[in-house]
1. Test residue 229 against the criterion of being of a type in the set (A, V, I, L, M) and surrounded by 12 or more Cβ atoms within 10 Å (Cβ to Cβ), and give yes or no.
2. Please specify each residue of segment 4-52 satisfying the condition of being of a type in the set (S, T, N, Q) and over 15 Å from residue 103 (Cβ atoms).
3. For segment 110-122, how many residues are part of a strand (DSSP E or B) and buried (at least 24 other Cβ atoms within 10 Å of the Cβ)?
4. Taking the conditions exactly as written (over 22 Å from residue 101 (Cα atoms), at pLDDT 95 or above, in the same structural domain as residue 112 (by TED's automatic domain parsing) and buried (at least 16 other Cβ atoms within 10 Å of the Cβ)), does residue 178 satisfy them or not?
5. With the requirement that a residue be assigned to a helix (DSSP H, G or I) and of a type in the set (S, T, N, Q), what does segment 214-258 give you?
6. Within segment 32-70, work out how many residues are of a type in the set (A, V, I, L, M, F, W, C) and either on the phi > 0 side of the Ramachandran plot or without any contact (Cβ under 8 Å) to a residue 40 or more places away in the chain (or both).
7. So is residue 113 modelled with pLDDT of 95 or more, closer than 24 Å to residue 196 by Cα and not assigned by TED's automatic domain parsing to the domain that holds residue 226 or not?
8. What pairs come up if the first residue lies in segment 7-27 and is on the phi < 0 side of the Ramachandran plot and crowded, with 19+ Cβ neighbours inside 10 Å, the second is of a type in the set (Phe, Trp, Tyr) and assigned to a loop (DSSP other than H, G, I, E, B), and their beta carbons are under 8 Å apart, counting only those six or more places apart or on different chains?
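The values are calculated or read from the model by the stated rules, or taken from the named source; none is laboratory data. Computed from a predicted structure; not experimentally measured. Here the Cβ is made from the backbone with ideal geometry for all residues, glycine too, and neighbour counts use every protein chain on show.
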Amino acid sequence: MDDLGFQIRSGVVARLVIDRVRKRNALTRAMWEALPGLLAELAADDEVKVLVVTGAGPSFSAGADISELISGSDPADPMAELRAFNLRAQEALREFPRPTIAMVRGHCIGGGLEIAVNCDFRFAARGSSYGVTPARIGVVYPPAAVRVLLDLVGPATTKYLLFSGDLLSAEQAEQKGLVDRVVDDIDLESTVDEFAATLVSRSQLTIRSAKETVNALLAGADADSAALARYRETIASGELAEGIKAFTEKRSPRFPWT
């Protein structure tokens, strides 16, 4: 286990594993602080085409380490440093340039759910549970974190999670759009691997452009110029020509960037 509480497994399908099993993978301030740097290293590795984020042991993550919530140096805002690290980590995961998949077992609560919802996809094992619990302890949730939930599941479910602090089952989370797919625990790894392999086989330029466009539109930013640049890149690299040729020849494409 890395001293920072993460394991990194590089490769075409890389793994970022939250590893504090004895604490149900609760995330410390140091872990939130370290996460953007770890993601930057993975993003700089051209071999990586997909990133799977998961937890070691039976839980994804039970949330932020509650012992550190109000341990900051400013008595007027003892959560300031933790909040800054947390939001920076969420943004870094959300902006990771390749597809990200949260593979969830067990508890996915609070900060753990923040990690999961900032991934592109969430694949869940039956028996896993989901919730945001600030109302149980009097924490005011940052608007940036609320916005991610709001974009994903809409106002009613966002309010339900934040107001009640109740936990959803995997099946309930799937119904509300919080997770994308629920499978038996024994099938979770193979299901994620199969989907990751599908993503690896597709045009990486198309995927990157689609992710950039979705993120820009959600942020209310202009997406046209970046999408046009990616389109020109698919032509210059030969990806578009290969995709069309493979389709007409009824074979799998061999994309230059795959």
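1. The answer is no for residue 229.
2. Of everything in segment 4-52, those that are of a type in the set (S, T, N, Q) and over 15 Å from residue 103 (Cβ atoms) turn out to be 10, 28.
3. Qualifying residue count for the region: 1.
4. The answer is no for residue 178.
5. Listed by number, the residues that qualify are 215, 225, 234, 237, 248.
6. Count: 4.
7. Considered against the rule, which asks whether it is modelled with pLDDT of 95 or more, closer than 24 Å to residue 196 by Cα and not assigned by TED's automatic domain parsing to the domain that holds residue 226, residue 113 comes out as yes.
8. 18/60
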